[in-house]
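The values are calculated or read from the model by the stated rules, or taken from the named source; none is laboratory data. Fair warning: this is a prediction, and the values are worked out from it, not measured in the lab. Don't worry about glycine lacking a Cβ; one is built from the backbone with ideal geometry, like all the others, and counts go over all protein chains shown. Side chains included, ligands, DNA and RNA excluded: accessible areas come from the protein's heavy atoms. Shrake-Rupley method; radii C 1.70, N 1.55, O 1.52, S 1.80 Å.
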Amino acid sequence: MTSVAPVSRRPPRWLLIILGALAVLFLLGAVFGAKSPPTNTAAPAPVTTTTTTQPPADGYTVVTVVDAATVVVSDAQGARKTVQVPGVKAPLAATACFAPESIAGATTLLANQRLTLAADGGIVLANGTDYASAVIGAGYARAGVAPLQAAEAKARTAVLGLWAPPCNGDIDHPAFTPPPPPPSPVPVTTTTKPKPTTRVTTEEARPSTAERTTEPDVDSGVYYANCTEAKAAHAAPLHIGDPGYRPALDRDKDGVACE
């Protein structure tokens, strides 16, 4: 008896393809179709906008320097503002030591400058230099706060401005004014007049006839009553000083009698 082999029944190919496609779609749906757990999302923080007042684009110009710490400025629209520079200690009283020089020095630093005002109220020069440090470092003011002590020490070491005599750093009192020196005595000029020179001529040195005739010879002991007696005694002529000469016998008073 002949045996018959069993016939295997395999599903058709098209059915296998369809079943495979469905399996793939199921897997894709299981992976991508799963719901993700809910997550807590924090709300974004509100954005805070800080508005700051900016100085005019073209800055400020100086109107008046009251002192090294007080400056009146003006913006482009002409509005004026008094700036009290923080940390700057200036001679306030007009009579305080170095007050005029302090104002003049501060004016020189600020002249022809386009200034900006810092957030702390200070002044910034056109080149970016802090005015407070510049005016203190030049010796025109003292430091009122610790951050400016370095600038003050620089001026004090170099003996600049108010650190020089007569102030020596003291700007709270008037400058010492030494008393004026006593006036110099007026020299007294004494003029000695020269004594007149007396020129004695021969004629002035010789005694005049009048002087000679006023001196009678009283010691000779000879007396002539007239010229006749003198001639009789052979004594004529008689010269002054001769024995017997007397003025009465000298008619022309020439010092010779009985000529």
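Put V72, V222 in order of accessible area, highest first, and with a 1.4 Å probe you get V222, V72. Annotation: amide H-H contacts under 5 Å for I123 (H modelled 1.01 Å from N, sequence separation of 5 or more, or interchain): A118, Y131, A132. Taken over segment 74-187, the alpha-carbon convex hull comes to 156 cubic angstrom per residue.
Remark on V88: its backbone amide H falls under 5 Å from those of G144, a criterion applied only to residues 5 or more positions apart or on other chains, H modelled at 1.01 Å from N.
Model label sites at L16 and T82, defined 7 Å from Cα along the beta-carbon direction, differ in position by 10.5 nm.
In this label model, N168 and A146 are separated by 2.9 nm, measuring between points 7 Å along each Cα→Cβ vector. Between N226 and N127, the simple spin-label model (points 7 angstrom out along Cα→Cβ) gives 13.1 nm.
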